[in-house]
Amino acid sequence: MEKKQAKERIEELRKQTQYYANKYYDEDKPEISDFEYDMLMVELRNLEKQFPEFKSKESLTQKVGGHVKEGFQKVTHEVPLQSLQDVFSIEEVEEFDTRMKQKAKENKIEKVTYVVETKIDGLSAALEYKNGKFVRGATRGNGLVGEDITENLKTIKTIPMELKDKIDITVRGEVFIGKKDFEKMNQEREENEEELFANARNAAAGSLRQLDSSITASRPLDIYIFNVQKIEGKEFNSHFEELEYLDKLGFHVNPVRIPCHNMQEVEKAIEKIGEDRENLTFGIDGAVVKIDNLKFREILGTTAKTPRWAVAYKYPPEKKETILKDIICQVGRTGVITPMAVLEPVKVAGSTISKTTLHNEDFIKEKDLKIGDTVVIQKAGDVIPEIVEVKKEKRTGNEKEFEMPKQCPVCGAKTVREEGEAAIRCTGIECPAKLFRNLVHFVSREAMNIDGLGENIIQQLLDKKLIENIADIYTLTFEEIASLKKNGKKFAQNLIDSINKSKENDLYHLLTALGIRHVGVKASKLLAKKYKTMDNLMQASLEELSEIKDIGEIMATSIQEFFRQEQTQDLIQKLKDAGVNMNYLEEAGEDNRFEGKTFVLTGSLEKYTRGEASNIIEKLGGKTSGTVSKKTDYVLAGEDAGSKLTKAQNLGVTIISETEFEEMIK
């Protein structure tokens with residue numbers, strides 16, 4: 001390659017790697033796989049080596065990729081949190097061993113020994129202890145300066161707040177989310193129609209770098225400690241000895257740490273980790289080979305970015321070819337229809353794959369997938385199987401095009417794909433696939449507010465086939481409910497009372513409960529007040545609905561299409577027959593004391609959920625917002641209030657406590 005071409009390619013690679021690093025480290029939204037990123041870095045490193053005149057301190061080959069996120073205090077690391085030199089073959093590991101033996105000979109070190117550990121796929125953090133007590137924690141950041149995330153780290157149960165020795169120590173660990181917890185998180189996010197996490201590493205990083213520590217606390221974070229950064233009053237000869245001591249102190253130490261006396265043992269350890277990685281409860285992205293002798297480490301030293309005494313071996317992603325036998329569609333609890341690939345069973349990374357998600361219609365079109373195709377399967381992050389390629393050259397002409405269904409495969413209702421969305425969803429309110437989620441929403445506080453009918457009870461009612469649609473709630477008998485619990489008579493009576501009470505709710509509660517797409521509590525109140533009865537609303541024209549302030553064309557279309565559905569009309573009739581109120585209840589002398597006032601809620605309130613507090617504010621004529629600005633009139637701050645409280649203080653917005661709020665609503 002000529003110098004001019006090399007310079008252009010180096011500059012292009014620097015821009016690319018910086019962009020992808022920002023997506024990965026700072027935004028926790030990776031756009032390419034780890035392997036693809038690693039290959040770009042290898043190319044950049046090789047070109048810089050071949051053309052040293054184009055080297056730059058700004059290149060990611062010379063520095064760590066992360067930045068300090070705005071909103072966190074900066075922490076300067078006493079001992080830098082460096083990254084590792086990646087290698088991609090056993091030959092490169094052997095070259096590392098040769099260098100280590102040469103350096104040992106030069107410095108009269110008798111023997112070179114190693115420790116091989118799993119390279120955990122998470123977010124690096126430093127934990128600082130004074131006199132045995134946890135005082136501060138920080139992210140790696142750019143290696144020299146990180147983010148103070150002490151409060152977030154305190155929510156991780158496996159981080160000891162006090163050690164078994166009263167010692168001053170700083171350790172380094174990897175915060176991660178286990179494989180099963182990650183799958184469960186994504187399943188819940190899918191059910192709640194939230195964006196899925198790309199992988200466990202980014203889920204962990206995004207969770208740990210939340211400005212609101214209550215969000216971090218709700219995530220299943222764990223940590224493994226793998227290094228002593230600094231220690232007072234104790235000395236160790238070996239890294240393995242350090243790890244054993246950390247175990248005794250009460251730390252959750254990396255469980256895979258294999259002492260090796262020579263390169264043959266190192267290679268066996270790498271091979272064993274590769275074979276076992278499928279059975280590990282946490283994700284890894286390689287195996288780390290470290291010099292065990294700590295004095296030898298000091299002699300070897302570090303570069304600006306990496307220690308000279310360690311390398312990270314990256315396992316190549318295993319890919320296998322198989323046949324796409326069929327594409328079937330599954331309907332999720334929220335009605336989203338997901339295409340699934342039925343595959344000729346194939347073993348990839350230790351497990352047999354016979355089915356995998358195709359995500360959505362766009363994914364199928366982008367890959368140009370056809371039933372009967374030969375496809376390449378890979379495990380993303382060693383956890384989730386995915387189709388990465390279609391072998392179009394192997395097509396015979398017998399392959400079949402696939403189209404997403406126009407009717408729900410479960411209930412036959414119309415399916416829709418709204419503008420700006422990738423998902424196609426079922427619109428039927430009585431769809432069995434959606435029934436659990438629809439019931440949970442129907443009985444919730446902001447909807448029909450049926451106290452006692454929680455998710456566990458709903459699931460039992462469904463399992464015992466005591467309810468098969470929403471209206472069946474109102475036909476439940478005392479005996480049926482009592483059978484759900486041991487000595488359940490009192491529970492049954494309370495639930496029957498709550499169900500009967502819900503029949504008297506205002507029309508807007510019922511409209512909210514029906515879960516019409518795009519229609520929340522505010523819109524339900526508007527519609528109830530405007531049309532007075534359910535029948536009037538069901539007969540409203542699209543033009544008329546569109547003209548209502550704060551409704552608009554998209555919501556109006558959604559409302560009209562919902563009430564045109566045969567399933568909707570069937571449910572409304574059943575609810576009428578059960579005695580559920582279908583009318584707007586006029587409020588005598590409406591109180592608009594908060595008219596023109598905007599509230600922002602932050603933190604945890606003792607007596608109200610945020611939804612309940614918002615309802616009170618809106619009932620009194622006020623508005624609620626999710627962001628603080630100069631136009632905000634009041635910030636209602638509960639316990640553990642986060643960045644919104646800080647912003648309100650900076651802007652001079654009036655901050656009120658829960659007690660003051662109660663005085664205002666008396």
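Within segment 373-385, can one find any residue that is among the polar types (S, T, N, Q), surrounded by 14 or more Cβ atoms within 10 Å (Cβ to Cβ) and touching a helix residue (DSSP H, G or I) at 6+ places or on another chain (Cβ under 6 Å)? Among the residues of segment 373-385, at least one is among the polar types (S, T, N, Q), surrounded by 14 or more Cβ atoms within 10 Å (Cβ to Cβ) and touching a helix residue (DSSP H, G or I) at 6+ places or on another chain (Cβ under 6 Å), which makes the answer yes. Close contacts from segment 443-467, counting a first residue that is in the same structural domain as GLU479 (by TED's automatic domain parsing) and a second that is among the acidic types (Asp, Glu) and in a helix (DSSP H, G or I), with Cβ to Cβ under 7 Å and a gap of 6+ residues or different chains, come to ARG445/GLU612; LEU466/GLU480.
This table checks each residue for (1) at pLDDT below 90; (2) assigned to a helix (DSSP H, G or I).
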| residue | (1), (2) |
| --- | --- |
| ALA287 | no, no |
| ARG297 | no, yes |
| ASP326 | no, no |
| ARG333 | yes, no |
| ILE353 | yes, no |
| ASP362 | no, yes |
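Filtered by the rule that a residue be polar (S, T, N, Q) and in a strand (DSSP E or B), segment 197-241 gives ASN227, GLN229, SER238. Checking GLU547, GLU468, GLU553, GLU479 one by one, the residue that is of a type in the set (D, E, K, R), under 22 Å from THR334 (Cα atoms), exposed (fewer than 15 other Cβ atoms within 10 Å of the Cβ) and in contact with a helix residue (DSSP H, G or I) (Cβ under 9 Å, 6 or more places away or on another chain) is GLU468 and no other. Looking only at segment 183-206, residues that are of a type in the set (Lys, Arg) and surrounded by 22 or more Cβ atoms within 10 Å (Cβ to Cβ) come to 1 in all.
Looking only at segment 268-280, decide whether some residue is among the aliphatic types (A, V, I, L, M), at pLDDT 95 or above, surrounded by 18 or more Cβ atoms within 10 Å (Cβ to Cβ) and under 30 Å from LYS166 (Cβ atoms). Looking through segment 268-280, none of the residues is among the aliphatic types (A, V, I, L, M), at pLDDT 95 or above, surrounded by 18 or more Cβ atoms within 10 Å (Cβ to Cβ) and under 30 Å from LYS166 (Cβ atoms). Taken together, the residues in segment 396-436 that are assigned to a loop (DSSP other than H, G, I, E, B) and either in contact with a Pro (Cβ under 9 Å, 6 or more places away or on another chain) or of a type in the set (Phe, Trp, Tyr) (or both) amount to 4. Residues that are among the acidic types (Asp, Glu) and surrounded by 14 or more Cβ atoms within 10 Å (Cβ to Cβ) within segment 527-544 comprise just one, GLU544.
For segment 623-650, a residue qualifies if it is closer than 22 Å to GLU595 by Cα and either out of contact with any helix residue (DSSP H, G or I) (no Cβ under 9 Å at 6 or more places or on another chain) or surrounded by fewer than 13 Cβ atoms within 10 Å (Cβ to Cβ) (or both), and the qualifying residues are SER625, GLY626, THR627, SER629, LYS630, LYS631, ASP633, ALA648. Quick one: GLU663 ticks every box in (1) surrounded by 13 or more Cβ atoms within 10 Å (Cβ to Cβ); (2) not polar (S, T, N, Q); (3) not in a loop (DSSP other than H, G, I, E, B) bar one, so which box is it? Of (1) surrounded by 13 or more Cβ atoms within 10 Å (Cβ to Cβ); (2) not polar (S, T, N, Q); (3) not in a loop (DSSP other than H, G, I, E, B), only one is false for GLU663: (1).
Looking at segment 447-505, the helices (runs of 4 or more DSSP H) lying wholly inside it that each contain 3 or more residues that are within 20 Å of ASN581 (Cα to Cα) and modelled with pLDDT of 95 or more sit at 489-502. Among residues of segment 238-265 that are surrounded by fewer than 17 Cβ atoms within 10 Å (Cβ to Cβ), those with a Cβ under 7 angstrom from a residue that is modelled with pLDDT under 95 and among the charged types (D, E, K, R), sequence gap 6+ or separate chain, pair up as LYS248/LYS164; GLY250/LYS164. The set of residues from segment 127-136 being under 15 Å from VAL253 (Cα atoms) and either of a type in the set (Val, Ile, Thr) or touching a Leu at 6+ places or on another chain (Cβ under 6 Å) (or both) is empty. Checked against the criteria, LYS644 counts as farther than 30 Å from LEU537 by Cβ, out of contact with any Pro (no Cβ under 7 Å at 6 or more places or on another chain) and at pLDDT below 90.
The values are calculated or read from the model by the stated rules, or taken from the named source; none is laboratory data. Because the structure is predicted, anything quoted here is derived from the model rather than measured. Cβ: placed from backbone, ideal geometry, glycine included. Neighbour counts: every protein chain shown.
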